[in-house]
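Take a look at the structure set out below.
Just so you know, all these numbers are worked out from the coordinates, no wet-lab data involved. Note that the structure is predicted; figures quoted are calculated from it, not measured. Cβ placement follows ideal geometry from the backbone for every residue including glycine, while neighbour counts extend to all protein chains displayed.
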Amino acid sequence: MTLFGFLRRPKTASSAETAKERLQILLAHERQDRFGPEYLPLLQKDILAAVKKYVQVANDKVQIKLQRGAEVSTLEIDIELAAPPPVGLAPLPRHRSLLPRAT
Amino acid sequence: MAKIIVITSGKGGVGKTTTTAALGAGLAMRGKKTVVIDFDVGLRNLDMIMGCERRVVFDFINVIQGDARLSQALIKNRRLENLSILPTSQTRDKDALTHQGVEKVLDELRNDFDYVICDSPAGIERGAHLAMYYADEAVVVTNPEVSSVRDSDRVLGLLSSKTRRAEKGEEAVKAHLLLTRYDPARVAKGDMMKVEDVLEILSIPLLGIIPESPTVLKASNLGSPVVFDEQSNAGRAYADAVSRLMGEQIEMRALGPERRGLFQRLRWRTA
């Protein structure tokens, strides 16, 4: 603490620091997207084909997300099933997700 | 066998062509047989920066299409015997560049030179892709500014996936960072990212720091690679980068803007 330190305005982040932080956040996301495009669409297609053998699902109802973390990465597969048939028939089980959702 | 080095950045206007000319001339000054190639089909400019725009007869595309021999298209630098330039076409479409054609020309140059420097166009399309595809090493030219750093990161991703070395599973293309238009005074004020910040984000080895300098524009006005101006800070910074490219260990110095000597300052005041 300098003698006249209290006279100075509180230190705010410089624009260069802001630039660095913005880049670090943005690039973390962009690098995530860089991995995956190679095999994710294929994986999505295969999973859809496998699921279709047992239940009816629309092509656009399967979502795959890859989340890369520092320690672990999670592959999230989200399959949306159609509403169960009307009462009277045995209801189909309704799965929201094959893997627990990463939160 | 030559080393093929691509000068790339993604973003335009950061100093790729200036760097190509400076590193090419610098390597030639150090006795290396060097050729610089312009990959920016339709927007030819390396010839102007090298000061040989009036001597272009045949170009890269003519050679690819078999209309001229490589030796007819290569232009020797007037000042340095061992520096040549292969200009590109100003009128043709970028689709004139083909994998096969580029590979054939590079293979031929590989045998005759020590260094083949490919000046990439901005962007990540055909010209840029082919400029980096056959490279052994890459110099990623970056300004300490958000859009340039972001684009450099994107280009680094392409270097590690969309090059011949990556596709063949060979040793990765060795990428170096060249930070250009660096202004230590603005860094000190907190208005510009520090070298360390950019290095931390991109995490590739640093080849050099080129200060923002009026000498660069002067050199392009004259058509004389900036490294020929050995008194200027930018020229010296490029000379250092050349040494590092050749594998020498040289201390990194962030040279500030030009400083006038005491005598010059006095003269300037009285003038």
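Odds and ends about this structure:
- For chain B, built as a Gaussian network whose Cα springs stay under 10 Å, the top-fluctuating residue of B:M48, B:M132, B:M246: B:M246
- Per residue, chain B reaches -11500 deg cm²/dmol at 222 nm when only DSSP H runs of four or more residues are counted, each adding -39500 (n - 2.57).
- For residues of A:13-23, the mean tally of beta carbons on other chains within 10 Å: 6
- Placing +1 on the Cβ of every Lys and Arg and -1 on the Cβ of every Asp and Glu, with nothing else charged, gives segment B:82-202 a dipole about its Cα centre of roughly 240 debye.
- Scalar couplings 3J(HN,Hα) for segment B:179-187, obtained by applying the Karplus form with A = 6.51, B = -1.76, C = 1.60 to θ = phi - 60°, are 8, 10, 6, 7, 10, x, 5, 6, 5 Hz; x denotes Gly and Pro.
- GNM flexibility winner over chain B from B:L217, B:L83, B:L156 (Cα, springs under 10 Å): B:L217
- Taking other Cβ atoms within 10 Å as a rough exposure proxy, A:Y39, B:Y133, A:Y54 sort from fewest to most as A:Y54, A:Y39, B:Y133.
- Judged by the mean number of other Cβ atoms found within 10 Å, the most tightly packed of the peptides B:4-12, B:235-243, B:29-37 leads the ranking B:4-12, B:235-243, B:29-37.
- Shielding by partners, peptide B:188-198 (average Cβ within 10 angstrom, other chains): 4
- Fraction of alpha-carbon pairs over 29 Å apart in chain B - percent: 29
- Inter-part distance where segment B:146-195 and segment B:40-97 are each reduced to a Cα centre, Å: 27
- Long-range HN-HN contacts of B:I210 with modeled amide H, under 5 Å: B:L179, B:T180, B:R181, B:Y182
- Relative contact order (%) - chain B, alpha-carbon pairs under 8 angstrom, separation at least six: 24
- Square roots of five times the Cα gyration tensor eigenvalues for segment B:10-146, Å: 20, 19, 14
- Taking segment B:101-232 and dividing mean pair separation by its residue count, relative contact order in percent (alpha carbons under 8 Å, at least six apart): 20
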